[in-house]
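Asker: Before I ask anything, let me first share the structure, which is written out below as structure tokens.
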Amino acid sequence: MAAPSKPTATAAWARLQAAADQMRRDGTTLNALFQADPKRFERLHATFEGREGPVLLDYSKNRVTDAVLADLLELAREMQVEEHRRRMFAGDKINITENRAVLHVALRNRSNTPILVDGGDVMPDVNRVLAQMEDFATRVRTGVWKGGLQRECIGRWLCVIGGSHAAARRPGAAGRRQATRARPSRTWSTSASAARTSAR
């Protein structure tokens, strides 16, 4: 059976909306939830081993209850998230707008397990481009790469392929907090989807 076209059309969404409305009316706070359940963190977190060490996923500090978590999982089932995930890793063309595979996962596939699209492994091309990116970033950081005025680059660059130009605001804001008169903060960002370039 096909998944609903919109999450908001599911029964689980309706229950989640009702729970959110009730919490809003009740003025439910995180402090109250922790006071009612001192072992809340123990129940509502997960850990896994990452490349650089343990990674903690702490969802106890969200206004969720056992019923809300159950409905979130049911929403995922109703929207067939697990099936879409399987198809994504399999290289199926689940991007129906562009009729192409959705392979963000290939960029993070440091195990180099083959990821096939149309019968071909995309990992050699992914690794080649990642190596090019690393080489360019290293040359910028070390001053080997010069700008048009033959000066070292002291700003922050953010190149976004797809996505939103809004992502560029984050490093820009971080840079302004670290800026000094001697080293002003300048962030150059380019986003293919937004078709705009900004310098701050």
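Asker: Tell me, please, whether a residue that is modelled with pLDDT of 85 or more, loosely packed, with under 13 Cβ neighbours inside 10 Å and part of a helix (DSSP H, G or I) can be found in the range 143-153.
Answerer: No, because not a single residue in the range 143-153 is modelled with pLDDT of 85 or more, loosely packed, with under 13 Cβ neighbours inside 10 Å and part of a helix (DSSP H, G or I).
Asker: Still on this structure, please answer the following. What do you reckon, is D58 over 20 Å from the mean Cα position of the chain (by Cα) and not aliphatic (A, V, I, L, M)? Give the steps one after another, and end with the answer.
Answerer: On the way: over 20 Å from the mean Cα position of the chain (by Cα): no; not aliphatic (A, V, I, L, M): yes.
It is false that D58 is over 20 Å from the mean Cα position of the chain (by Cα) and not aliphatic (A, V, I, L, M).
Asker: I need the full set of residues from the range 118-152 which are without any contact (Cβ under 8 Å) to a residue 24 or more places away in the chain, under 21 Å from K93 (Cα atoms) and of a type in the set (V, I, T), in order please.
Answerer: Hit for the range 118-152 is V126, nothing else.
Asker: For I115, which of the numbered conditions (1) out of contact with any Phe, Trp or Tyr (no Cβ under 8 Å at 6 or more places or on another chain); (2) farther than 30 Å from Q35 by Cβ fails to hold?
Answerer: (1)
Asker: Do the conditions hold for V81, that is, is it modelled with pLDDT of 90 or more, β-branched (V, I, T) and within 18 Å of the chain's Cα centre (by Cα)?
Answerer: Yes; evaluated as a whole, the condition is true for this residue.
The values are calculated or read from the model by the stated rules, or taken from the named source; none is laboratory data. The shown structure was predicted, so the numbers you read here are calculated from the model rather than taken from an experiment. Note that each Cβ is placed from the backbone with ideal geometry, even for glycine, and that neighbours are counted across all protein chains shown.
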